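In what follows, a single structure is set out as structure tokens and then discussed.
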Amino acid sequence: MRLDFIFSYWILIWFIAYVVKFTTFSPKFAFIIGILENIVVLMLLIYKNASAKSVLYFFMVVIITKLLPLYYMRNDTIKHEDVIFTLALFLLYNAWLFINNMNFIDVNMKTVDSMARERHDMPMLKLFNYIETKIARK
């Protein structure tokens, strides 16, 4: 799955822009919504009998891409403008998916299917798989 098809990475880039003061809009609200969406994905993984390895990888991705940034912003207040910016970014993301003949539901179902079948073809999962392979060879 392409990096630009996964909204979590859009939010992560926004977070980096926020940390380096490129923007004043906080992605905290987006991360909270992302975690709620990840709970749904986790339930789907369990329903599809995903392996323990896939679930572990999923938790690692959530920790790195959502929980650590959220912890960094723990004292930030969510402002009305942050919510509006989140919605605008999500609309832009969906327009990008539409241009590429995709949609949000398709991306999520492909993500769940990929993890349930242990294909791990998402960017961070590929990295985890690569690291695991390198460690196993030593």
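No lab work stands behind these numbers, since they all come straight from the coordinates. All of these numbers come straight from a predicted model, not from anything done at the bench. Here Cβ is always computed from backbone atoms with ideal geometry, including for glycine, and neighbour counts include all displayed protein chains.
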> Which FRET efficiency, nearest 0.05, do Val83 and Ala136 yield, Cβ-Cβ r, R0 30 Å?
Replying inline: 0.10
> Per-residue HN-Hα couplings for the range 57-63, Karplus 6.51 cos²θ - 1.76 cosθ + 1.60 at θ = phi - 60°, whole Hz, x for Gly and Pro?
Replying inline: 4, 4, 4, 4, 5, 4, 4
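Before anything else, pin down the relative contact order of the chain: Cα pairs under 8 Å, at least 6 apart, normalised by residue count, whole percent. The partial results should precede the final answer.
Details: 95 pairs, mean separation 50.6, N = 138.
Relative contact order comes out at 37 percent.
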>> Amide H of Arg117 versus every other amide H placed in the peptide plane: which residues, excluding those fewer than 5 positions away on the same chain, fall under 5 Å?
In response: none
>> Please compute the modelled spin-label separation between Tyr71 and Val20, points set 7 Å along Cα→Cβ, answer in nm with one decimal.
In response: 2.3
>> Taking only Cα atoms of the range 6-77, what ratio of Rg to Rh do you get with Rh as the Kirkwood inverse-distance radius?
In response: 1.04
> Comparing Thr111, Thr65, Thr77, which has the greatest mean-square fluctuation in the GNM of the chain with Cα pairs linked when under 10 Å apart?
Replying inline: Thr77
>> Suppose only helical runs count, i.e. DSSP H with n ≥ 4. What mean residue ellipticity at 222 nm does that imply for the chain under -39500 (n - 2.57) per run, divided by all residues and rounded to the nearest 500 deg cm²/dmol?
In response: -22500 deg cm²/dmol
>> For a 19 Å ceiling on Cα separation, which of these pairs sit above it: Lys28/Lys48; Lys66/Lys134; Lys28/Lys53; Lys53/Lys126; Lys48/Lys110?
In response: Lys28/Lys48; Lys66/Lys134; Lys28/Lys53
> Separation between the Ala52 and Asp113 pseudo-spin-labels, each 7 Å from Cα along Cα→Cβ, expressed in nm?
Replying inline: 2.8
> Cα centroid distance between the range 54-104 and the range 16-42, in Å?
Replying inline: 4
> Taking the Cβ of Tyr72 as the center, what net charge do the other residues with Cβ under 14 Å away carry, scoring Lys and Arg +1 and Asp and Glu -1?
Replying inline: +3
> Under the classification rounded if a/c is under 1.5, otherwise prolate if a/b is larger than b/c and oblate if not, where does the chain fall, given a ≥ b ≥ c as square roots of the Cα gyration tensor eigenvalues?
Replying inline: prolate
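Mind putting a number on the dipole of the chain about its Cα centre? Charges go on the C-beta only, +1 for Lys and Arg and -1 for Asp and Glu, and I need it in Debye to the nearest 20.
Numbers: 15 positive and 10 negative charges, 111 e Å.
Once rounded to the nearest 20, the dipole reads 540 debye.
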